[in-house]
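Novice: Okay, here's the structure, questions in a sec.
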2 protein chains.
Amino acid sequence: MNRSAYWVSSLLLALATTTGAQSADPASIRAEVRRYRIANDVEIVRELRDLLALPNVASDSANIHSNARHLVGMLERRGIRARLLDAPGSPPAVYGELATPGATRTVVFYAHYDGQPVTPDEWTTPPWRPVLRDRALSDGGREIPFPTVAGTVQGESRIYARSASDDKSPIVAMLRAIDALRAARVPLSVNLKFFLEGEEEAGSPHLREMLRRHADLLRGDLWLFGDGPVHQSRRQQVVFGVRGVVGAELTIYGPRRALHSGHYGNWAPNPAAMLASLLASMRASDGRITIAGFYDDVVPITDVERAAVRAAPPVDDALRRELLLGSTEGGAESVGERVMLPALNVRGLRAGAVGAAAANAVPADARASLDFRLVANQRVDRVRELVESHLRAQGYHVVGTEPSAEQRLQHARIVRVEWDEGGYPATRTAMTLPASRAVLHAVEEAVGGPIIAVPTLGGSLPTYLFSEVLRTPLIVLPIVNHDNSQHAADENLRLQNLFDGIEVYAGVLARLGRVWK
Amino acid sequence: MNRSAYWVSSLLLALATTTGAQSADPASIRAEVRRYRIANDVEIVRELRDLLALPNVASDSANIHSNARHLVGMLERRGIRARLLDAPGSPPAVYGELATPGATRTVVFYAHYDGQPVTPDEWTTPPWRPVLRDRALSDGGREIPFPTVAGTVQGESRIYARSASDDKSPIVAMLRAIDALRAARVPLSVNLKFFLEGEEEAGSPHLREMLRRHADLLRGDLWLFGDGPVHQSRRQQVVFGVRGVVGAELTIYGPRRALHSGHYGNWAPNPAAMLASLLASMRASDGRITIAGFYDDVVPITDVERAAVRAAPPVDDALRRELLLGSTEGGAESVGERVMLPALNVRGLRAGAVGAAAANAVPADARASLDFRLVANQRVDRVRELVESHLRAQGYHVVGTEPSAEQRLQHARIVRVEWDEGGYPATRTAMTLPASRAVLHAVEEAVGGPIIAVPTLGGSLPTYLFSEVLRTPLIVLPIVNHDNSQHAADENLRLQNLFDGIEVYAGVLARLGRVWK
């Protein structure tokens, strides 16, 4: 489509949406959207599948650009004015704009199209070859063909691919919500913008500059984040905050080369054993972080927030059974309560070899990869200081790069600490703001029943930048299933979540502007 | 060569060795052997290189058989009666026999032709493509062509390949020692048998049966082991004992699948953190094993042994510099003293991922690979009991196979322990036996100077079986360099060690029978 043709079609579509059944009630909207979805389920799944087939690790520049171009096409096909936003050294962000005549509020929809790195041999099927299974792999799910007859897609079937849940499906859900409203001739109640990020899983190192450069374009009354999972009970939730995150790689140095464990074991320091002791010094078995001062900046949650956490349906027992956990770190505390606290996660260990490849040798080094989850009021730079002070208190000389031979000879213990670029703090939007109340109202209407309000999600999003740069309230409205293996092998999306997500997003687009006082 | 031709040549060669300069003194023998070596150095290195080009992991049956057949050929070319010995399920052992007319003592020479498993991408050049370097890689050694002009091979050059040191070069040294004595017309002073094992690095699971089946054939007055390195000072040593060894793989179970560390971290137990704490509970930072009862069976070394250890030249400072160690686990204790104690070595750690592949996830499991080095009087079964008791005392339910879903739900903490097959105890031969004194004497003569007597090598060999099944004294006469990266990537042999080894073995073959009272 050439540029002038695009403008015309965009205008016609915008007009079309304003001539529909403006006064439709939430229940009718839900019924209309569902009818649309059932009639188009094959096409909806195909659109998601095509998007998931594009490899999308943020560092893989060529493929990231293919994703971005593909998304621009998806937006333009809906008459949404779309373009790529640039910042130096950054993967492009995809921007889109859809004006609603008569609307006074503007919502910016956020999702990210990049995905976590993969370890392909851990996947049952390749991460970028989307596969449909009749149920979850962990429940014995078997590969099935993608349906070709409209109305036959089963909600319990799952699509397996990197980013199936995190975070490509919310994009498809939002676009299909627009399609469904148009089919039902229900107008949008807000102006809509899209901001689709391409480096979220890489820690968003260029996001600040991206937002700063395009602040005018990205102006709005509310940022609505399509990321993260719904509640473990599969009920819809609205999330007002996220934890911050900062990752680090620790390397402990042993002998310059691996040594025969018989001839040198018990004399040459074993870096794997040193690493184990060091990690044991940082974290108690109940998950409490034993780094001096770590909790000093943590503010207690408010009574409103605590009440919201306690009002959520109990899921712990079901989760424990599903995950085969004989115990949890918090003892009697629920997962909802636990994520209100900071966490130290050991995301990986590497030293020598295990299993058939294990040799009787003292390894030359040992590595641990960590991530810290932070809560409101904790600062990344302060956390870094506290961690490095702790390492020093354990007798380690801390370096940031490969230590020289001289350094290694000079210090009894050396640890190299490499902080992930792009760590960031937590954020929380007050649950009492007009925008907050309007979203809760509109989502409740869209679902047609009670929903869950979550003061803080356990996961992290670079939302602090939006608050910092754009000073706009920000609320997360997730749609994907919690048991999606996001960030791990065999990531998947339960299709019913995509279908429900279309209804939720459609309801919000149709009603938010009307209930926002 | 057909079978009858082989017999004739074997007989002629045996006769030839008895007609030479029987009364040659040690210094002349040394000079003759050196002359032979210089004239044949290119051929000697070529013979080793050909042997090293054969992949030799014990579990790789086809290649192990190629090695065995190749060795039979090497023995037969010297007129040594050679054949393969079998035991059910075992790689073959290579047996050889060379009678010396008039000799009253029989020495059985032991070496193993299998090698440790490899992690190929850790090697600078592929493990089974032997490469010559002008010096050690760690000293900036560069690849050089294999010399083609006799007398030009440099002793400081090194051949890089799996088993270059551990343990193929002693085989070549012993055969070339025979060749050199023959060239010098110096007769052997003992009958010689060969027993070349094919599964030592796999823990010798079939060795007991192998020795039992062929006990008559393997009868002798002394087993001489060509394995392990010379002293770190590069001086010749004679070793009277070895540490025992037993390995284990520990697996700690977390959630059934990796979980997003934001949504579940701090609630779902982190198996990597649990593993770190568990390892920290088993071993202090000074290497002391903190498993209750672990030292109960350890007998103190004798005064003679302690004196021998203290008489060895100090090597610790040089080793520390070479290995870039800012400290050692024993504090002021020397490496020689440290290997008189049991050790717990962490040979590997694996959980989740590190570096660029690290995902913000709670890993599903965490593994550690351990080896325990045992000293005289410790029993493998007792060590296993103590370790498992310790795990239970840390609150773990111990299983030997993959736990069921029910087991995982039932127990707060589960550890799977898989003991390596073929762990074995330590052995020590008394330094005061006639055979012990004769070997010390002959080696001293061969070297023409003081040597080092070592009561116990730090490494392990399945020597207890020889003591148990054959009831024959056993002494280790190693030749390879200590800085050989055996059991690790870039294993290598310093060629001067091969050359010196030929002289040592030749001296022992020529003189042992004469000094043995």
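The values are calculated or read from the model by the stated rules, or taken from the named source; none is laboratory data. Note that this is a predicted model, so its numbers are computed, not measured. Glycine gets a Cβ as well: all are built from the backbone with ideal geometry, and neighbour counts include every protein chain shown. All accessible areas refer to the heavy atoms of the entire protein, side chains included, with ligands and DNA or RNA removed. Shrake-Rupley method; radii C 1.70, N 1.55, O 1.52, S 1.80 Å.
Novice: Output the residues belonging to the stretch A:118-168 that are within 14 Å of another protein chain (Cβ to nearest Cβ), more than 13 Å from A:Ala488 (Cα to Cα) and hydroxyl-bearing (Ser, Thr, Tyr).
Specialist: A:Ser138
Novice: Determine whether A:Thr472 is over 22 Å from A:Asp371 (Cβ atoms), part of a loop (DSSP other than H, G, I, E, B) and at pLDDT below 90.
Specialist: no
Novice: Output the residues belonging to the stretch B:251-261 that are surrounded by fewer than 24 Cβ atoms within 10 Å (Cβ to Cβ) and more than 7 Å from every other protein chain (Cβ to nearest Cβ).
Specialist: B:Thr251
Novice: Under 6 Å between Cβ atoms, which residue pairs at least 6 apart in sequence (or on different chains) link something in the stretch A:462-485 that is in contact (Cβ under 8 Å) with a residue 24 or more places away in the chain with a partner that is of a type in the set (Phe, Trp, Tyr)?
Specialist: Once the first residue is in contact (Cβ under 8 Å) with a residue 24 or more places away in the chain and sits in the stretch A:462-485, its partners that are of a type in the set (Phe, Trp, Tyr) give A:Pro462/A:Tyr424; A:Tyr464/A:Tyr424; A:Phe466/A:Trp223; A:Thr472/A:Trp223; A:Leu474/A:Trp223; A:Leu474/A:Phe466; A:Val476/A:Phe225.
Novice: I'm trying to understand the selection: among the residues of the stretch B:405-430, which are surrounded by fewer than 17 Cβ atoms within 10 Å (Cβ to Cβ), within 9 Å of chain A (Cβ to nearest Cβ) and in a loop (DSSP other than H, G, I, E, B)?
Specialist: The answer is B:Ala412, and nothing else.
Novice: Collect the residues in the stretch A:316-357 that are of a type in the set (Gly, Ala, Ser), open to solvent by 20 Å² or more (accessible area, probe 1.4 Å) and facing another protein chain (nearest Cβ under 7 Å), keeping them in residue-number order.
Specialist: If the condition is that a residue be of a type in the set (Gly, Ala, Ser), open to solvent by 20 Å² or more (accessible area, probe 1.4 Å) and facing another protein chain (nearest Cβ under 7 Å), then A:Gly326, A:Ser327, A:Gly352, A:Gly355, A:Ala356, A:Ala357 are the ones that fit.
Novice: In addition: Enumerate the pairs (first residue in the stretch B:437-453 and in contact (Cβ under 8 Å) with a residue 12 or more places away in the chain; second residue anywhere and among the hydroxyl-bearing types (Ser, Thr, Tyr) and not in a helix (DSSP H, G or I)) with beta-carbon separation below 9 Å, excluding pairs fewer than 6 apart on the same chain, so at least 6 apart or on different chains.
Specialist: Listed by first residue and then by second, the contacts come to B:Ala442/B:Ser189; B:Ile452/B:Ser233.
Novice: Next question. If you check every pair at least six apart or on different chains, which have Cβ atoms under 7 Å apart with a residue in the stretch A:363-375 that is open to solvent by 10 Å² or more (accessible area, probe 1.4 Å) first and a residue that is in a loop (DSSP other than H, G, I, E, B) second?
Specialist: Hits for this filter: A:Ala364/A:Gly254; A:Ala364/A:Pro255; A:Ala364/A:Arg256; A:Ala364/A:Arg257; A:Ala364/A:Ala258; A:Asp365/A:Gly254; A:Arg367/B:Val354.
Novice: For the structure I just gave you, tell me whether A:Leu196 is part of a strand (DSSP E or B), away from chain B (no Cβ under 14 Å), of a type outside the set (Ser, Thr, Tyr) and within 16 Å of A:Ala435 (Cα to Cα).
Specialist: For A:Leu196, the condition - part of a strand (DSSP E or B), away from chain B (no Cβ under 14 Å), of a type outside the set (Ser, Thr, Tyr) and within 16 Å of A:Ala435 (Cα to Cα) - is not met.
Novice: Now for a different question. From (1) within 7 Å of another protein chain (Cβ to nearest Cβ); (2) over 28 Å from A:Pro462 (Cβ atoms), pick out the condition that doesn't hold for B:Gly244.
Specialist: Of (1) within 7 Å of another protein chain (Cβ to nearest Cβ); (2) over 28 Å from A:Pro462 (Cβ atoms), only one is false for B:Gly244: (1).
Novice: Please count how many residues of the stretch B:105-123 are open to solvent by 20 Å² or more (accessible area, probe 1.4 Å) and over 17 Å from B:Asp216 (Cα atoms).
Specialist: 7
Novice: Would you mention how many residues in the stretch A:306-347 are out of contact with any helix residue (DSSP H, G or I) (no Cβ under 7 Å at 6 or more places or on another chain), among the small types (Gly, Ala, Ser) and closer than 25 Å to B:Ser404 by Cα?
Specialist: Going through the stretch A:306-347 one residue at a time, the tally reaches 4.
Novice: Is there a residue in the stretch B:437-448 that is within 11 Å of chain A (Cβ to nearest Cβ), outside any helix (DSSP H, G or I) and more than 23 Å from the chain's Cα centre (by Cα)?
Specialist: No, because not a single residue in the stretch B:437-448 is within 11 Å of chain A (Cβ to nearest Cβ), outside any helix (DSSP H, G or I) and more than 23 Å from the chain's Cα centre (by Cα).
Novice: Specify which of the listed residues (A:Ile252, A:Ile291) is touching a His at 6+ places or on another chain (Cβ under 6 Å) and modelled with pLDDT of 95 or more.
Specialist: A:Ile291
Novice: Considering only residues that are open to solvent by 40 Å² or more (accessible area, probe 1.4 Å) and among the β-branched types (Val, Ile, Thr), look in the stretch A:431-468 and name the one that is farthest from A:Arg234 (Cα to Cα).
Specialist: My answer is A:Thr432.
Novice: Go through the stretch A:358-367 and give me each residue that's assigned to a strand (DSSP E or B) and within 7 Å of another protein chain (Cβ to nearest Cβ).
Specialist: If the condition is that a residue be assigned to a strand (DSSP E or B) and within 7 Å of another protein chain (Cβ to nearest Cβ), then A:Ala361, A:Val362, A:Ala366, A:Arg367 are the ones that fit.
Novice: Right, next: Can you tell me which residue within the stretch A:51-78, out of those that are part of a helix (DSSP H, G or I) and farther than 30 Å from A:Ala183 by Cα, is nearest to the chain's Cα centre (by Cα)?
Specialist: A:Ile64
Novice: B:Gly336 - would you say it is closer than 25 Å to B:Gly244 by Cα and without any contact (Cβ under 8 Å) to a residue 40 or more places away in the chain?
Specialist: So B:Gly336 does not fit the description; no.
Novice: Sticking with this structure for a sec: Report the residue count in the stretch A:79-102 for those that are part of a loop (DSSP other than H, G, I, E, B) and surrounded by 18 or more Cβ atoms within 10 Å (Cβ to Cβ).
Specialist: 7
Novice: Here's a follow-up. What number of residues in the stretch B:310-325 are in a helix (DSSP H, G or I) and out of contact with any Ser or Thr (no Cβ under 6 Å at 6 or more places or on another chain)?
Specialist: The qualifying residues number 9.
Novice: Report, by residue number, each residue of the stretch A:124-183 that is surrounded by fewer than 14 Cβ atoms within 10 Å (Cβ to Cβ) and in a helix (DSSP H, G or I).
Specialist: A:Asp139
Novice: Here is a follow-up. Is it the case that some residue within the stretch A:268-279 is in contact with a strand residue (DSSP E or B) (Cβ under 8 Å, 6 or more places away or on another chain), more than 27 Å from A:Asp371 (Cα to Cα) and open to solvent by less than 10 Å² (accessible area, probe 1.4 Å)?
Specialist: Checked against the condition, which is being in contact with a strand residue (DSSP E or B) (Cβ under 8 Å, 6 or more places away or on another chain), more than 27 Å from A:Asp371 (Cα to Cα) and open to solvent by less than 10 Å² (accessible area, probe 1.4 Å), the stretch A:268-279 yields at least one hit.
Novice: Quickly run through the stretch A:376-404 and pick out the residues that are open to solvent by 20 Å² or more (accessible area, probe 1.4 Å), in a loop (DSSP other than H, G, I, E, B) and among the polar types (S, T, N, Q).
Specialist: Matches in the stretch A:376-404: A:Asn377, A:Gln394, A:Thr401, A:Ser404.
Novice: What is the one condition in (1) under 27 Å from B:Leu196 (Cβ atoms); (2) assigned to a strand (DSSP E or B) that B:His231 does not satisfy?
Specialist: Among (1) under 27 Å from B:Leu196 (Cβ atoms); (2) assigned to a strand (DSSP E or B), the lone unmet condition for B:His231 is (2).
Novice: When you scan the stretch B:211-222, how many residues do you find that are under 22 Å from B:Val190 (Cα atoms) and open to solvent by 80 Å² or more (accessible area, probe 1.4 Å)?
Specialist: Residues meeting the conditions: 2.
Novice: Given (1) modelled with pLDDT under 95; (2) within 14 Å of another protein chain (Cβ to nearest Cβ); (3) open to solvent by 10 Å² or more (accessible area, probe 1.4 Å), where does A:Arg208 come up short, assuming only one miss?
Specialist: Only one criterion is unmet by A:Arg208, namely (2).
Novice: Inside the stretch A:279-295, can you point out the residues that are on the phi > 0 side of the Ramachandran plot and either part of a helix (DSSP H, G or I) or more than 8 Å from every other protein chain (Cβ to nearest Cβ) (or both)?
Specialist: Within the stretch A:279-295, A:Gly293 is the sole residue that qualifies.
Novice: Can you name the number of the only condition in (1) within 7 Å of chain B (Cβ to nearest Cβ); (2) under 30 Å from B:Asp139 (Cα atoms) that A:Ala276 fails?
Specialist: Going through (1) within 7 Å of chain B (Cβ to nearest Cβ); (2) under 30 Å from B:Asp139 (Cα atoms) one by one, A:Ala276 breaks only (2).
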